[in-house]
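Take a look at the structure set out below.
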Amino acid sequence: MKVPELWSRVNDKELSMDTKELDKAYVAGTYKRFPVEIVAGKGSVVKDPSGKEYIDMGSGIGVTAFGIADDKWQQAVTQQLSKVQHMSNLYYTQPCAELAKMLCERTGMSKVFFCNSGAEANECAIKVGRKYAADKYGASRFTVITLENSFHGRTLTTLAATGQDHYHELFQPLTPGFVSVPANDIIALEKAAGETNAAAVMIECIQGEGGVVPLDPQYIKEVRKFTEEHDIILIVDEVQTGNGRTGKLYSYMNFDIVPDVVSTAKGLGGGLPLGATLISDKCKDVLGFGDHGSTFGGNPACCAGAISVLSRIDDAFLSQVMAKSDYLFKTFTGAPGIESVTGTGLMIGLKTTKPASEVVAKCMENGVLCLTAKDKVRLLPALNIPMEILEKAAGIIKSACND
Ligand code: PLP
């Protein structure tokens, strides 16, 4: 059967088989996929070709902030698609300008650079950090200090920033000028910064891919104080933690600090590729004409969707996120088969007695899609997941941990 014919037969059982075969034959083998094909969905429920429903507790790894095929997001995107779906960055487009204004007003930052992914948002953040330091202190000040167990992306530079050796091994040489230090050890960070004449420090307030490991709040404050005192650019990677995920618009807002540069992506676009680097007043003129660019960055359809997402993440909405979070923490803490619960808001890691992969497989069998992060079961549901669906999913996860 020809491929286009297959596409039009979404309910045919054969499609699921053929999609898996096609994928295995033609898509680069970088992903270990679960044996499930998703063909449709609404909100926090998705369906496979047989019609089996799953509660989506992963939201595309924290991307579909308002769930699958969210009406308001869809409307914003399709309206924009019918006007202009793309325009080069040689011209002004309203959604891009509007979203940048919104991001600045909500964070106190001064400028935004748009791109398409988290890794690219971090690339830009690193460029800002390095150029700020080079402009002011000379070209020898370029080192970026990151934390062990961090994750900042898959490009060669963001891999270099990622403090996990196993990601590095096959791709040497990586971009030079990155040093990782143990998290929550301010003395180690200060020492490394002094020895390397550091330009920037980059942290995630909760290490997502690292196993949903929150940094010590006191440490976050100390890092801010130290970097401020030494004019070292503090970059906070909010790719996974951002856009309401932790009960604040950005996770750094939980700690009463203001970074110099913030990178974000994932949930911002609500399901379309969009990354953003938010640049504070201090660094706002670091990037000038020709210093950076992206063909798709600031795409009007992606930005229109993001405006719809961002405009709904207000205080009332964030308090609902926290109410759902409290419910999950209460449900899982001390439950049989669950050793610990980590995270904030709707970014939750469960250390289970059974291997996380077994729990996730059992959940899938029983109609719940969960993620893993290192040895944890990771939950990143849509921020607007209805309470009754969340309760159902939590029940299934709890029994899967204890079976
Ligand atoms: N930074 C963090 C904290 C992430 O969690 C991720 C992805 O999981 C990235 C960066 C990379 O984002 P992307 O896959 O969109 O490039």
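The values are calculated or read from the model by the stated rules, or taken from the named source; none is laboratory data. Small disclaimer: the values here were computed from a predicted structure and weren't measured. Positions of Cβ are generated from backbone atoms using ideal geometry, with glycine treated the same way; all protein chains shown enter the neighbour counts. Only protein heavy atoms, including side chains, enter the accessible area calculation; ligands, DNA and RNA are left aside. Shrake-Rupley method; radii C 1.70, N 1.55, O 1.52, S 1.80 Å.
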query = Which one is farthest from the ligand (Cβ to nearest atom) among residues in region 138-180 that are open to solvent by 80 Å² or more (accessible area, probe 1.4 Å) and of a type in the set (Phe, Trp, Tyr)?
reply = 142
ask   = How many of the residues in region 220-259 are of a type in the set (S, T, N, Q) and away from the ligand (no atom under 16 Å from the Cβ)?
value = 1
inquiry  = Please count how many residues of region 25-59 are surrounded by fewer than 18 Cβ atoms within 10 Å (Cβ to Cβ), part of a helix (DSSP H, G or I) and either of a type in the set (Ser, Thr, Tyr) or in contact (Cβ under 8 Å) with a residue 24 or more places away in the chain (or both).
reply    = 1
ask   = Got a number for residues in region 367-392 being farther than 26 Å from residue 354 by Cα and either in contact with a Pro (Cβ under 9 Å, 6 or more places away or on another chain) or assigned to a helix (DSSP H, G or I) (or both)?
value = 2
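Can residue 301 be described as more than 23 Å from residue 209 (Cα to Cα), within 22 Å of the chain's Cα centre (by Cα), in the same structural domain as residue 125 (by TED's automatic domain parsing) and open to solvent by less than 50 Å² (accessible area, probe 1.4 Å)?
So residue 301 fits the description; yes.
Return the residues of region 264-283 that are more than 14 Å from the ligand (Cβ to nearest atom) and in contact with a Phe, Trp or Tyr (Cβ under 9 Å, 6 or more places away or on another chain); say none if nothing qualifies.
Kept after step one, since they are more than 14 Å from the ligand (Cβ to nearest atom), are these residues of region 264-283: 278-283.
Across region 264-283, the qualifying residues are 278, 279, 282, 283.
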ask   = Among 185, 237, 231, which is the only one that is within 22 Å of the chain's Cα centre (by Cα) and among the charged types (D, E, K, R)?
value = 237
query = Which condition breaks for residue 293 when tested against (1) among the small types (Gly, Ala, Ser); (2) under 18 Å from residue 99 (Cβ atoms); (3) assigned by TED's automatic domain parsing to the domain that holds residue 390?
reply = (3)
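This table checks each residue for (1) open to solvent by less than 10 Å² (accessible area, probe 1.4 Å); (2) not in a strand (DSSP E or B).
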| residue | (1), (2) |
| --- | --- |
| 240 | no, yes |
| 248 | no, yes |
| 254 | no, yes |
| 258 | no, yes |
| 263 | yes, no |
| 267 | yes, yes |
| 276 | yes, no |
| 285 | no, yes |
query = Inside region 146-176, can you point out the residues that are outside any loop (DSSP other than H, G, I, E, B) and within 21 Å of residue 199 (Cβ to Cβ)?
reply = 146, 147, 148, 156, 157, 158, 159, 160, 161, 163
Candidate set from region 181-219 (those that are of a type outside the set (A, V, I, L, M) and within 15 Å of the ligand (Cβ to nearest atom)); member that is nearest to residue 154 (Cα to Cα) = 209
key: Complete set of residues in region 345-366 that are in a strand (DSSP E or B) and under 21 Å from residue 389 (Cβ atoms)   = 347, 348, 349, 350
message = Looking at region 210-233, can you tell me whether even one residue there is open to solvent by less than 10 Å² (accessible area, probe 1.4 Å) and part of a strand (DSSP E or B)?
response = yes
